[in-house]
Amino acid sequence: MRKWQFFRVSIYFLLVTSCRQDDGVHQNIDQTINFYFQDTNGKDLIIPNDATGYASRITFIDNYADRGNTAVSGIAPGVDDAKKNYMQYIAGATRRGLPDSTATSKTYISQILINYNKVANDTKVMAQDQLDIVYSWTPTLFSVSSIKLNGNEVFNGSSGQPKNILITKQ
C-alpha cells in the first residue's frame with residue numbers, strides 16, 4: 001500500500017512541476033566566434049593535412065584560468081560556404097566580471113592567448129596573439145559585445161551579427 005501511495009505522490013509532483021506556466025523569459029546566447037588564419041599573401045594557414053600549415057598547431061590558452069597553460073576546450077575546426085577553413089570558438093574560456101555590472105546588466109571579459117607551434121625544420125617564428133573578448137549579459141541576452149586582437153578592436157557589434165575574425169600572420 002505504501003508503495004502505491006509513494007507512486008501516486010511522485011506522479012502528482014511530476015504533473016504539477018511539468019505543467020507550471022512558462023514565464024516567457026528566455027535568455028538568448030550569442031557568443032560564437034569564427035577565427036580565420038592566413039598569411040600576408042592570403043593563403044589559408046589552417047588547411048587540414050597540409051604539412052606546412054598550422055591546422056593542428058594552433059593552441060588557444062585561457063589566460064584567466066586558475067591553472068597556467070590551460071587550453072580552451074570550446075574550439076572546433078570548420079569550413080564556411082566559400083570553402084575557407086576557420087577555428088570556431090563557442091565557449092570554454094574563464095570569464096571575469098567587470099565592476100560596471102548591475103543587477104540587470106553585467107559585463108564579463110575573457111582573455112585567450114593564441115600560440116603557433118613550429119612545423120619541423122621551420123625557421124619562422126610566429127608571435128603569440130592575445131584576444132580580449134568582452135561579453136554583455138542581460139536577463140534576455142548573453143552576447144559578445146567586442147573583441148580586441150593584440151589591443152586593437154576587431155569587432156564591436158550587436159547581437160546576431162557574424163563574428164568572423166581574420167588573423168594575418170607573416
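Results, tabulated for the structure shown:
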{"quantity": "Residues of type aspartates and glutamates that Lys84 reaches as a straight line, Cα spacing below 20 Å, ignoring anything fewer than 8 places off in the same chain", "calculated": "Asp39, Asp44, Asp50"}
{"quantity": "Residues with amide H under 5 Å from that of Asp30, placed H, sequence gap 5 or more", "calculated": "Phe142, Ser143, Val144"}
{"quantity": "Inter-centroid distance (Cα atoms) of the stretch 116-170 relative to the stretch 26-103, Å", "calculated": "7 Å"}
{"quantity": "Stokes-Einstein D in µm²/s, Kirkwood radius over Cα pairs - the stretch 62-170 at 37 °C with 0.692 mPa s viscosity", "calculated": "209 µm²/s"}
{"quantity": "HN-Hα J in Hz across the stretch 89-97 - Karplus 6.51, -1.76, 1.60, θ = phi - 60°, x for Gly and Pro", "calculated": "9, 9, 5, x, 7, 5, 10, 10, x"}
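None of the figures in this text is laboratory data; all of them are computed from the coordinates on show. Remember, it's a predicted structure, so these values are computed and weren't measured experimentally.
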